[in-house]
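First comes the structure, then the notes that go with it.
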Amino acid sequence: MNGFCVECGITTNQTVNGLCMPCFLKDRTLVTLPDHVDLFTCTSCGQFLRRGEYESMAPEKAISMAAKNALTCIREGKVVKTTTSIEPRDDYNYAVTVACKVAISDFEADAAASTIVRVKNTVCKICSRRTGNYYEAILQVRTSEKTLSSKLQDEVLKKVEDFVDDAATTNPNAFITKMEIVPGGVDVYLSMIALGRELTKALGDNYCAQVDESNKLVGQTRDGIDMYRVSYLVRLPEFHVGDIVRYGKKYYLLTRVANTGGKIRSLNNFADMTVRRANMPELKVYAKSSELETADVISISRGEIQVMDPQNYSVKDILVPKDAVIGETVTVVRIDGVLYYVPL
Ligand SMILES: [Zn+2]
Ligand SMILES: [Zn+2]
């Protein structure tokens, strides 16, 4: 032992500012809290503001964190452990006591401070955008047919919703402002330009659709940056997988649609062919998959079968692929009065 306390003179090696620990701690307030701490909560989504960001958390946790974050400690010490107790005064005011362990050199002292956490109602930026009908992009889904079938409409909207839900798990700014059924399609108002761009690409690829975009200057931000609203057009093609299409005066079954183009199977020789995406608009729908007929099979020989014509019950010979597995019925399409086997 070669140190001593300048206050009481005791010999010790553990001194802070020349004082032994009991003299240093005597009448000293180690931690303090302000008289009150404001905690902002969004009345719409219930999230709490913490370090400039809204976060979803249990009210008790938000209240205790608000108090802990306001805690200040003397500069000689460091708060190493805290426990909070919350006493509600009413729905908006909570008396919070933070008990803590304060490390001062290699000594740990107990300390505590109290405050009132006042919960203040507000609306977060995201909720205010939602309620304010905020949008940056309009996704215009249109059909090449007279009307967009409700089945296809539901299918597309489900894809849009799933996509935005997925994006929202990592970005709370991603949301659908509204959807509007319009003649020949549907308009989806989106909170972010990126959503519109990505959805247009995804839907375009999925349906081999024609896409387009146009920008409109809608104003400037406070720091003088031009603000655009972007319209994305996705024109869904008339064709769908399973339809019979005409391509270059011949008839085919459309077997696949992808971002690169389509695959078609000839009704004459059952050979597969690919169509580049740029040429896909040349496909003309001859019969929708829902319009195809079913014929009873009477007899089967290699590469050919006899079926009963479902319209007049006469027996017809039709070509089938050599390796086709033929059941009791087959799907057929009538072109210029002749039945063709549909190689599904
Ligand atoms: Zn002392
Ligand atoms: Zn909110």
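Quick note: the coordinates plus some simple rules give every number you see, no bench work behind them. Given the structure is predicted, the values throughout are model-derived calculations rather than measurements. Quick reminder, even Gly has a Cβ in these numbers, built from the backbone with ideal geometry, and neighbours come from all protein chains shown.
Just to be sure I understand: of the beta bridges DSSP finds with both ends in the chain, what percent are antiparallel, rounded to 5?
85 percent
Once backbone amide H atoms are built at 1.01 Å from N, residue 44 has 124 as its partners under 5 Å, excluding neighbours fewer than 5 places away on the same chain. Lys/Arg Cβ at +1, Asp/Glu Cβ at -1, dipole of segment 133-236 taken about the Cα centre: which of 138, 160, 170 is farthest positive-ward? Going by the Cα projections, it comes out as 138.
Residue farthest toward the positive end of the dipole of the chain, with Cβ of Lys/Arg at +1 and Asp/Glu at -1: which of 148, 46, 209? Of 148, 46, 209, it is 209. In this Cβ point-charge picture (+1 for Lys and Arg, -1 for Asp and Glu), the chain has a dipole of about 700 debye about its Cα centre.
Our coupling estimate for segment 132-148, obtained by passing each phi through the Karplus curve with A = 6.51, B = -1.76, C = 1.60 and θ = phi - 60°, is x, 6, 5, 8, 10, 9, 10, 9, 9, 9, 10, 10, 8, 8, 5, 9, 7 Hz, Gly and Pro reported as x.
For segment 1-89, give the magnitude of the charge dipole about the Cα centre (Cβ charges: +1 Lys/Arg, -1 Asp/Glu; no others), in debye to the nearest 20.
180 debye
Computed from backbone phi with θ = phi - 60° and the Karplus coefficients 6.51, -1.76 and 1.60, the 3J(HN,Hα) list for segment 181-195 is 7, 10, x, x, x, 8, 10, 10, 8, 10, 6, 9, 4, 4, 4 Hz; x is used for glycine and proline. Each Lys and Arg contributes +1 and each Asp and Glu -1, all at the Cβ; summed about the Cα centre of segment 292-344, the dipole is approximately 100 debye. Between segment 89-126 and segment 154-179, the alpha-carbon centres lie 38 Å apart. Adding -39500 (n - 2.57) for every DSSP H run of four residues or longer, then dividing by how many residues the chain holds, sets the calculated 222 nm ellipticity at -5000 deg cm²/dmol. With the simple spin-label model, which puts each label point 7 Å out from Cα in the Cβ direction, the residue 134 to residue 60 separation comes to 3.3 nm. Stokes-Einstein diffusion for the chain, with the hydrodynamic radius set to the Kirkwood value over Cα pairs and evaluated at 4 °C in a medium of 1.567 mPa s, equals 48 µm²/s.
In units of the compact-protein estimate 2.2 N^0.38 Å, segment 133-236 shows a Cα radius of gyration of 1.07. GNM remark for the chain: springs join alpha carbons under 10 Å apart, and the peak mean-square fluctuation among 250, 68, 159 falls on 250.
Our summary of shape: the Cα atoms of segment 22-125 have principal axis extents of 52, 26, 18 Å, ordered from largest down, in whole angstrom. In segment 22-125, what percentage of the DSSP-assigned beta bridges are antiparallel, given to the nearest 5? The antiparallel fraction comes to roughly 80 percent. Close lysine pairs were tallied over segment 67-224: pairs 8 or more places apart or on different chains with Cα atoms under 27 Å apart number 26. Amide H to amide H distances under 5 Å link residue 55 with 48, 49, 50, where only residues 5 or more positions off or on other chains count and H is placed in the peptide plane.
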